[in-house]
1. With axes computed from alpha carbons, what is the tilt in degrees of helix 344-355 against the longest principal axis of the chain, rounded to the nearest 10 within 0 to 90?
2. Using only Cα atoms, tell me the angle between helix 287-308 and the longest principal axis of the chain; keep it within 0 to 90° and round to the nearest 10.
3. Kirkwood Rh and Cα-based Rg: tell me the resulting Rg over Rh for segment 60-283, rounded to two decimals.
4. What relative contact order, as a whole-number percentage, does segment 60-283 give when Cα pairs under 8 Å and 6 or more residues apart are counted?
5. Where the eigenvalues come from the Cα gyration tensor of segment 58-128, what are the semi-axes √(5λ) of the equivalent ellipsoid, largest first, in whole Å?
6. Simple spin-label model, 7 Å along Cα-to-Cβ: THR161 to GLU9 in nm?
7. If you wrap a convex hull around the Cα atoms of segment 108-171, how much volume per residue is inside, in Å³?
8. Give me the distance between the Cα centres of segment 55-100 and segment 221-240, rounded to whole Å.
Amino acid sequence: MALSRIAHEVKTSATLAITAKAKQLKAKGIDVIGFGAGEPDFDVPENIKNAAIKAIKDGYNKYTPTSGAPELKEAICEKLLKDNKLKYGTSQVIVSAGAKQSILNVVLVLCDAGDEAIIPAPYWVSYPEMVVMSGAKPVFLKTTAKEQFKITRESLAKVITPRSKLLFMNSPSNPTGMVYTEKELRDIVTFAVEKGLYVISDEIYEKILYDGARHVSPASFSDECYKKVITVNGFSKVYAMTGWRLGYAAGPEDVIKAATNIQDHTTSGANSVTQMAGLEALKGSQDSVSAMVCEFDKRRKYVVNRLNNIAGVSCLMPPGAFYAFPEVSALYQRKIAGQSVTNSFDLVNLLLEKVQVAFIPGAPFGADEYIRISYATSMLNIEKGMDRFEKFLSNG
């Protein structure tokens, strides 16, 4: 039987595939050190768990409106005003089964066949696949460590065409951990909007910041930006609620209404119990967030310092998120443990096979010269993993 265009064109998620492979090895009793998943190793805060338990006991188990429970949408509007200087009504917010679904909803609303969506590279692996699902064409705007993995107004201007419809922005970034300054974001987003583009601003890591870095939401820059920027966020990273699947998007009412229509016919509303947990996450104590970021900061410094002391590896200090993105291309075109390594997949697979360390190749992020290392794991695992990595390369 012939499969559809989408079935042929959409690729497997490399991050999920490597993580699944590492878990399979662990299930066999093999001591694998996993640096793959973008998933905090911290538990969900007790107040959030208790809110979910209360919702279940209170019988809050039925469908919510597709766009989200009214009380959660109101709390999201309050959060966006307080934290992001963005004034939205509840009709401008959609709650989804994760920020990933929110982004896909918006892409399907904005993009048609023949349109182009501009994606700065390195990028989160799902952005291009979502664009492909819509029938539009992903256009990649490559950056390197030399530019701190950031695009500029000038570099953006070179790839805009009459078919350009959408620009993706992600700060703090997955996979690089880089954070745009307010000036940098303002120059880029204002220019994109002037050229008629919509902008998806993926802000899922907004509270995971270090060294005085500040987060700013580009929809707040001007009335014009407010009309063209869709702000996406969620609960997975900041509140460690990865398996709970809860995210949201806020933006122009017509875009959100159309996104709701799409969600009507896919999942309907997000999990009702999870939404009540999300309500508590926003309204309850934020102490757990500060504690988590403090611990991530220690791990970040340790990982990057270790990486920069390994011959053939270099890594910027990321000011946000929980990823290191070292350049490892100096290790290519040589043999390691008797095997040729010519790209990031070769290196990652070799490390998993020989020393049971699971990194993510950079190629699926649009940057084959790099690998992604998540330090959302214990310091004990980080130390063991870095020891194995360094020893393996020194013996190679």
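None of the figures in this text is laboratory data; all of them are computed from the coordinates on show. Everything numeric in this text was worked out from a predicted model, so none of it was measured. Note that we place each Cβ from the backbone using ideal geometry, even for glycine, and neighbour counts take in every protein chain shown.
1. Compared with the principal axis, the helix lies near 60 degrees.
2. So the inclination is approximately 30 degrees.
3. Working: Rg = 16.4 Å, Rh = 17.4 Å.
My calculation puts Rg/Rh at 0.94.
4. Working: 441 pairs, mean separation 65.3, N = 224.
In percent, rounded to a whole number, it is 29.
5. On the way: eigenvalues 151, 56, 30 Å².
Rounded to whole Å, the semi-axes are 27, 17, 12.
6. Roughly 1.4 nm, to one decimal.
7. Working: hull volume 5.0 nm³, N = 64.
It comes to 78 Å³ per residue, whole-number rounded.
8. 14
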